[in-house]
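The values are calculated or read from the model by the stated rules, or taken from the named source; none is laboratory data. Please read these numbers as outputs of a predicted model, since none were measured by experiment. Quick reminder, even Gly has a Cβ in these numbers, built from the backbone with ideal geometry, and neighbours come from all protein chains shown.
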Amino acid sequence: MIRNKSMRRASLVSAIVATGAMVLSTLPAQAATPGVTATEIKLGISSPLTGSAGLSYGKVPGAMKAYFNYINANGGVYGRKITLISRDDKYLPTAAATQTTNLILKDNVFALVGALGTATHSKAYKAAALAKNNVPDLFINTGFSGFTDQTKYPTTFMVLPTYAMEAKVIAKAIKDNFAGQASFLIAQDDEFGTDGVAGFKTAGHTFTLAPILYPQGSMTSARAEAALTGLSAVPGKPVVVLFGTTDVTATILKAAEKLALTTKFTWYAGSVGADANTLLALGVKPTTVNGVISASFMPDAKDLTDPYVKQFADINTKYNKGITFDNYVLAAMNSAMLTVQALRAAGKDLTRAGIMSAIEAKGSTFASAGLVPLGYSATSRIGYNGYWVSQLNEKGEGKPYGGKLVIYTTDSGAGAVEVSTFVRPTMPKNGIPTNS
Amino acid sequence: MKNLKLKKGLTALITAALVATFTAVIPSTANAADSCSNTGFIDGAKYVAFQKCTGTDDNGSKYEIRMPAKFNGMLYLYSHGIRNQVLLPLIPVVNPTGTYSKPRSEPEVAPGRTTADQELIAETLLKQGYAVAGAGVQVNGWSVPEAIEANMLLVVKAKDMFPKINKVVSWGDSLGGHISQSLSEQYGIIDAAANLHLAGSAANQYSYANDVLWMYKTLFDPTIKGNGYTQPVSATDTRGYMELIGDIGKLLTVLNALGTAIKTNPTAPVWPETATNVPDALKAIPVRSAILLIGLLAGMPTQSTTYDASSGPAGPLETTFGAAISPALAILENTSTALALGVIGNYDAEMRCGGSIFDNTATDYSARLGDNGTIFAAGLSGKTSTAGMLLFLNRLNPAAPRVAASAAAVACINNQAAYTGKITVPTITVSQTADQITPAGYVQKLKNQYEAAISNGDAKPGLLLNIWNKPPDSYTEFAATGAAVTPTEPTTGTSHYMYTNDQILVIAKLLASAGKSGKLPSVATAKSALKNDSSMFIDPLFTPELMPQDK
């Protein structure tokens with residue numbers, strides 16, 4: 001009897017243990033994944049909402065949220081709603097480090113998306129120990145080629161092409177279209193500019209004079225006027241490449257207006273510094289904007305014949321009320337759509353390692369508004385790997401230079417700049433990805 | 001030398017048979033003049049009685065023990081921070097009230113910002129039934145060996161006088177944290193330790209200070225001596241001392257000139273007139289960039305009590321100020337406090353070790369900049385300016401002569417007792433993330449040492465808990481004029497400032513728990529204890545940058 005009781009107890013204990021094991025084994029694996037519950041995925045973004053950079057980039061988190069809300073209204077990702085927590089870093093490295101750390105420690109986000117800036121994110125990545133914490137660092141908005149180093153930034157995925165790539169494409173455009181003209185470079189004197197300088201060098205392009213380099217935040221009207229006055233002594237119609245932010249492009253173009261030098265030069269503004277809406281908002285005359293050449297990997301936000309642009313513009317109207325749809329909103333929604341596809345590709349049992357593997361394996365096939373291919377693979381964390389050359393008109397619309405869209409692809413190293421036959425994937429129905 | 005020999009002897013004895021053997025070998029400690037008195041204090045409606053015992057050990061270190069009438073068996077052993085060995089005349093900023101003009105040798109029994117705070121902490125522990133004790137080490141300056149010995153003698157004395165002591169927990173701040181850590185690792189007499197803004201090794205702390213000093217000399221005033229002060233040949237030989245006093249004056253002049261230049265024109269402040277070595281081309285760079293570069297190369301935090309390296313005055317300069325000016329001003333503010341300690345401490349170390357302890361003949365300052373060249377590109381006035389300044393600091397530049405150390409002096413400073421990370425008892429560290437005197441990198445080094453010790457089988461895991469004190473997300477306040485307002489009390493998480501009484505008492509509680517159980521409180525428990533304090537955090541994965549001198 002005693003023995004039987006003992007056996008019964010043993011059986012009962014075994015049964016409880018077994019049931020417990022079964023319950024445990026059926027619990028979703030993501031139970032222990034930070035920022036993920038059965039009903040929610042928490043994402044975080046540190047970017048400038050205020051300060052001088054907030055003027056241009058302040059729309060990014062709101063646009064991403066708008067797209068996520070649209071997805072949430074349509075069932076979320078495998079039943080989970082996406083919450084995007086946005087923190088303002090004012091485009092300042094120390095603030096970015098603080099806010100990114102807050103996103104990880106206080107907000108307990110699953111992943112970061114769309115972090116912005118080279119100096120800011122360099123500091124934030126280390127301060128918040130993103131590598132140690134294995135935090136996915138998705139679709140960062142900087143083209144600094146240093147972020148392609150998977151040893152140093154093992155969880156980072158870029159979305160922009162590198163500045164070196166852009167410089168190589170610009171060099172080809174100058175060679176193809178402005179051979180024989182003098183050319184000059186005015187660039188920010190940090191990784192942004194020096195990455196560009198390196199790209200021009202790799203492409204074999206030699207500027208007529210040594211590049212004019214300026215520290216970030218130091219380009220004043222007087223400095224711009226002095227630089228342009230000096231360059232204007234060169235005969236012909238030189239090409240001036242502006243490799244800086246849009247506010248600096250505006251300062252230089254306004255200096256050219258003051259000196260009546262707008263038609264003296266062919267203006268070539270890098271993609272970071274050529275947002276037409278911002279140029280016009282900062283007081284650059286439409287006639288000056290007209291003709292500025294740039295490079296882009298996205299369609300123009302004013303081109304509502306583009307199905308991606310149209311879809312995102314519609315989402316913006318409904319979910320981001322009162323915000324003008326422009327290139328920043330377009331890029332932000334595009335990154336949000338890439339994020340949703342990455343979450344889907346990672347599967348229902350969402351983990352940090354899983355989403356990074358999914359992007360490596362499938363990211364190059366994600367649907368995206370970009371007109372150039374995505375380059376994700378096990379060995380590459382670069383997003384877009386090319387550009388098309390555009391020219392702004394008085395309305396600030398970017399049209400293919402020469403009237404025909406030509407896609408160029410290249411790498412950050414010594415690879416050639418090649419014309420691509422890339423055809424982007426079709427926009428998912430209603431802008432809602434269904435990939436797996 | 002005598003101290004080192006004695007220390008080795010003590011170690012062997014204590015590990016063999018601890019108190020009995022020790023007291024038998026050094027009976028004189030029991031014979032030293034001890035004085036005990038019964039006293040107490042009122043706590044609400046209660047009178048808390050305790051016995052206060054003071055005396056001096058054989059080496060001349062004073063001690064104090066306070067034993068409550070209702071004792072629970074645990075003694076808190078406190079080690080105070082560094083005290084100046086070198087006595088100074090009244091000097092504005094550095095020694096305005098004469099604090100550093102007289103020898104200080106009184107024991108302290110608890111940490112605190114002020115004497116009143118220290119009393120409050122001591123009384124709080126006493127009424128909870130804990131005993132408190134501390135030594136006033138007979139030698140000041142970097143006197144780690146002497147302090148360890150004084151603490152050991154004190155523990156022996158306390159146990160001899162109060163046999164009910166069955167647990168001893170050690171705590172200390174700054175150099176006292178270093179002493180506490182070293183003591184807890186090596187001698188088997190401590191049950192748990194809590195070390196507040198722990199100092200690094202002597203060699204690295206002095207290298208840190210000397211890096212700053214050398215760059216100030218090289219860039220701002222080549223007449224600063226900085227190193228190799230004349231060693232006295234007699235008790236009345238004051239040549240080296242006068243060289244030190246001269247250097248302090250020159251540094252104050254430089255700091256004043258830098259502050260004035262930035263106040264006059266924060267965007268493009270001019271270099272001091274004393275920067276006679278620097279070519280005009282370099283002086284075209286705003287001097288704030290040179291200040292920032294010095295701090296980054298030395299490993300100094302870019303946040304200070306006034307400047308958060310983020311905020312700017314409302315208006316067109318807001319972002320530029322946060323990106324390019326605020327970090328430099330933070331470094332300048334941090335330097336002004338760190339440099340005084342550095343130059344005086346360095347002089348003291350040279351006197352202690354008989355020659356220059358600093359050697360930067362092989363230091364590659366350019367390589368030290370690393371990612372900070374990217375992160376602070378705006379503050380450094382761009383890559384080109386940075387390259388120019390680094391070129392000037394290059395060891396091949398005859399205008400920037402390097403300092404060669406005395407091999408004997410280096411050996412001497414390296415032989416100062418130091419912790420090794422072979423942690424054997426529950427250990428808690430608490431540090432500011434932006435401490436300019438004992439930067440957070442020193443705790444990271446301890447963490448690395450501990451991890452290595454675990455890997456090598458020299459330590460068991462789970463014995464180190466790191467608590468961090470951080471600044472608010474943004475905190476610089478600006479007056480209507482646009483000038484930053486220095487707070488009346490250092491901003492939490494910045495500077496080398498003692499924690500609040502509430503924070504200290506939480507640490508004390510965690511320490512007691514560790515001492516009693518032999519185990520660290522869990523991270524969850526520790527977080528819970530700190531949950532009402534948003535300036536404190538615990539994250540095992542938080543990894544401050546190692547100091548460049550430690551890489």
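Observations
- Scanning region A:206-222 for residues that are crowded, with 16+ Cβ neighbours inside 10 Å and either of a type outside the set (Gly, Ala, Ser) or outside the structural domain of A:Val241 (by TED's automatic domain parsing) (or both) turns up A:Phe207, A:Pro211, A:Ile212, A:Leu213, A:Tyr214, A:Pro215, A:Gln216, A:Met219.
- Failed condition for A:Ala233, given (1) assigned to a loop (DSSP other than H, G, I, E, B); (2) in contact with a helix residue (DSSP H, G or I) (Cβ under 8 Å, 6 or more places away or on another chain): (2)
- Filter pass, A:Val113 being among the β-branched types (Val, Ile, Thr), farther than 18 Å from B:Glu545 by Cα, modelled with pLDDT of 95 or more and more than 19 Å from the chain's Cα centre (by Cα): no
- Scanning region A:224-260 for residues that are free of Cβ contacts under 8 Å to residues at least 60 places away in the same chain and within 12 Å of chain B (Cβ to nearest Cβ) yields one hit, A:Gly244.
- Only one of the numbered conditions (1) out of contact with any Pro (no Cβ under 7 Å at 6 or more places or on another chain); (2) crowded, with 16+ Cβ neighbours inside 10 Å is not met by B:Leu258, and that is (1).
- Every pair of residues 6+ apart whose Cβ atoms lie under 9 Å, when the first sits in region B:282-304 and is over 13 Å from B:Gly382 (Cβ atoms) while the second is in a loop (DSSP other than H, G, I, E, B) and acidic (Asp, Glu): B:Gly299/B:Glu545; B:Pro301/B:Asp435
- Any chance B:Lys250 is in a helix (DSSP H, G or I) and farther than 26 Å from B:Pro89 by Cβ: no
- Yes/no for A:Asp326 being more than 19 Å from the chain's Cα centre (by Cα) and of a type in the set (Asp, Glu): no
- Failed item, numbered, when A:Lys106 is tested on (1) in contact with a strand residue (DSSP E or B) (Cβ under 8 Å, 6 or more places away or on another chain); (2) under 18 Å from A:Ala32 (Cα atoms); (3) within 12 Å of another protein chain (Cβ to nearest Cβ): (1)
- In this entry, A:Val272 is excluded by the filter for residues that are among the β-branched types (Val, Ile, Thr), surrounded by 20 or more Cβ atoms within 10 Å (Cβ to Cβ) and either modelled with pLDDT of 95 or more or more than 24 Å from A:Met333 (Cα to Cα) (or both).
- Selection count, region A:101-144, where residues are polar (S, T, N, Q), surrounded by 22 or more Cβ atoms within 10 Å (Cβ to Cβ) and part of a helix (DSSP H, G or I): 4
- Matching residues, region B:517-533, being in a helix (DSSP H, G or I) and crowded, with 17+ Cβ neighbours inside 10 Å: B:Ala526, B:Ala529
- Taking region A:76-103 as the range and being more than 8 Å from every other protein chain (Cβ to nearest Cβ) and of a type in the set (A, V, I, L, M) as the test, the residues that pass are A:Val77, A:Ile82, A:Leu84, A:Ile85, A:Ala96, A:Ala97, A:Leu103.
- Filter result (surrounded by fewer than 17 Cβ atoms within 10 Å (Cβ to Cβ) and touching a residue at least 12 places away in the same chain (Cβ under 8 Å)) within region A:408-419: A:Gly413, A:Ala414, A:Val419
- For region B:403-422, the count of residues that are within 17 Å of B:Gly299 (Cβ to Cβ), in contact with a Gly (Cβ under 9 Å, 6 or more places away or on another chain) and surrounded by fewer than 20 Cβ atoms within 10 Å (Cβ to Cβ) is zero.
- Condition check for B:Ala399: away from chain A (no Cβ under 14 Å) and either among the aliphatic types (A, V, I, L, M) or assigned to a loop (DSSP other than H, G, I, E, B) (or both): yes
- Of all residues in region A:119-158 being touching a helix residue (DSSP H, G or I) at 6+ places or on another chain (Cβ under 7 Å) and on the phi > 0 side of the Ramachandran plot, the one that is modelled with the lowest pLDDT: A:Asn134
- Residue in region A:209-220 that is away from chain B (no Cβ under 14 Å) and modelled with pLDDT under 95 present: no
- Subset of region A:223-239 [crowded, with 22+ Cβ neighbours inside 10 Å and either under 25 Å from the mean Cα position of the chain (by Cα) or over 13 Å from A:Gln181 (Cα atoms) (or both)]: A:Ala224, A:Leu228
- Any hit, region B:183-193, residues being touching a residue at least 40 places away in the same chain (Cβ under 8 Å) and in contact with a Pro (Cβ under 7 Å, 6 or more places away or on another chain): yes
- The listed residues are A:Leu279, A:Leu261, and the only one of them that is assigned to a helix (DSSP H, G or I), in contact with a helix residue (DSSP H, G or I) (Cβ under 6 Å, 6 or more places away or on another chain) and either at positive phi or of a type in the set (A, V, I, L, M, F, W, C) (or both) turns out to be A:Leu279.
- Matching strands (runs of 3 or more DSSP E) fully within region B:25-120 where at least 2 residues are surrounded by fewer than 16 Cβ atoms within 10 Å (Cβ to Cβ), modelled with pLDDT of 95 or more and assigned by TED's automatic domain parsing to the domain that holds B:Ser182: B:34-43, B:46-56
- Which listed residue, of A:Ile82, A:Ile16, A:Ile45, is modelled with pLDDT of 95 or more and more than 30 Å from B:Pro313 (Cα to Cα): A:Ile82
- Looking across A:Lys318, A:Lys310, A:Lys348, one residue alone is basic (Lys, Arg), outside any helix (DSSP H, G or I) and over 19 Å from the mean Cα position of the chain (by Cα). It is A:Lys348.
- Among residues of region A:179-196, those that are farther than 20 Å from A:Asp247 by Cα and within 14 Å of chain B (Cβ to nearest Cβ), counted: 0
- Considering only residues in region B:477-489 that are more than 15 Å from B:Leu332 (Cα to Cα) and part of a loop (DSSP other than H, G, I, E, B), the one that is farthest from the other protein chains (Cβ to nearest Cβ) turns out to be B:Thr488.
- Only residues that are of a type in the set (A, V, I, L, M) and either within 11 Å of another protein chain (Cβ to nearest Cβ) or out of contact with any Leu (no Cβ under 8 Å at 6 or more places or on another chain) (or both) were counted in region A:111-149, giving 10.
- For A:Tyr78, the stated conditions hold: it is hydroxyl-bearing (Ser, Thr, Tyr) and more than 18 Å from the chain's Cα centre (by Cα).
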